[in-house]
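Below you'll find the structure, written out as C-alpha cells, and then a few comments.
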Amino acid sequence: MRVLICILVMSLCLVSSGCKEFANSWLGRKPKKVAKTVEPEKADDINLSKIILKPKREKPNVSRDPFAPLLGQDSAANPRLTKDVDELQGLEYLGVIKNQDEFSALLKFESKRMVKKIDDEIKGYRIVEMNPEELILTNGIKTKTVKRGAEK
C-alpha cells in the first residue's frame with residue numbers, strides 16, 4: 001500500500017509541476033501537436049519601418065470656418081456670392097437707330113455690338129423705354145438706367 005501511495009504522490013507532483021507529456025501518457029491521451037511559430041523577417045532599415053508603422057499625420061489646413069455661411073464673406077473676394085450682382089456690368093449705350101418707323105438701340109455688351117428694340121431682353125432685363133439720351137431696363141424687381149456714351 002505504501003508503494004501505491006508513493007507512486008500516486010509522485011505522479012501528482014509530476015502532473016502539477018507541468019510535465020504534461022508524462023500526464024498525458026499516464027492518462028492515455030495523445031499529445032497535441034503545437035505549430036511552430038515562424039519568426040517574421042526583420043527589416044533592413046529601421047527608419048523605413050518607423051515610417052510605415054507610424055506615418056506623420058498632417059494637420060488639415062482649414063482657412064475658414066466650415067459652418068460660417070458663404071454669403072457672409074467679403075463681396076470683393078467673390079462677387080458671385082453677393083446678393084446684388086450687377087448682371088449688366090459693362091453695358092454701353094451707343095445711341096439710337098431709326099429704321100423706317102421703329103427705333104432701335106445700338107449697344108455694346110461683353111465686347112459685342114448689338115441692336116435691340118423695346119421689349120427685347122439682355123441678361124434677364126427687358127428694355128422698357130429708350131430715348132436719345134438714356135435706356136431704361138427692368139427685370140420686374142429692379143430698374144436700371146443706362147446713359148448714352150457711359151458704361152454701366
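Some notes on this structure:
- Residues of segment 39-49 include none that is modelled with pLDDT of 85 or more, out of contact with any Leu (no Cβ under 6 Å at 6 or more places or on another chain) and of a type in the set (V, I, T).
- Test: residue in segment 19-37 that is modelled with pLDDT of 75 or more, exposed (fewer than 13 other Cβ atoms within 10 Å of the Cβ) and over 41 Å from the mean Cα position of the chain (by Cα): yes
- Selection of segment 96-123 for residues being surrounded by fewer than 11 Cβ atoms within 10 Å (Cβ to Cβ) and part of a loop (DSSP other than H, G, I, E, B) yields Q100, D101, E110, S111, D119.
- Extreme residue, nearest to Q89 (Cα to Cα), among residues of segment 134-150 that are surrounded by 12 or more Cβ atoms within 10 Å (Cβ to Cβ) and not β-branched (V, I, T): K144
- Residues satisfying the stated conditions in segment 124-133, i.e. surrounded by 13 or more Cβ atoms within 10 Å (Cβ to Cβ) and either hydrophobic (A, V, I, L, M, F, W, C) or free of Cβ contacts under 8 Å to residues at least 24 places away in the same chain (or both): R126, I127, V128, M130
- Residue in segment 51-68 that is surrounded by 10 or more Cβ atoms within 10 Å (Cβ to Cβ), modelled with pLDDT of 75 or more and out of contact with any Asp or Glu (no Cβ under 6 Å at 6 or more places or on another chain) present: yes
- C13 being modelled with pLDDT under 75, more than 30 Å from K147 (Cα to Cα) and surrounded by 10 or more Cβ atoms within 10 Å (Cβ to Cβ): yes
The values are calculated or read from the model by the stated rules, or taken from the named source; none is laboratory data. Model, not experiment: these values are computed from the prediction. Reconstructed Cβ throughout: ideal geometry from the backbone, glycine too, with neighbour counts over all protein chains shown.
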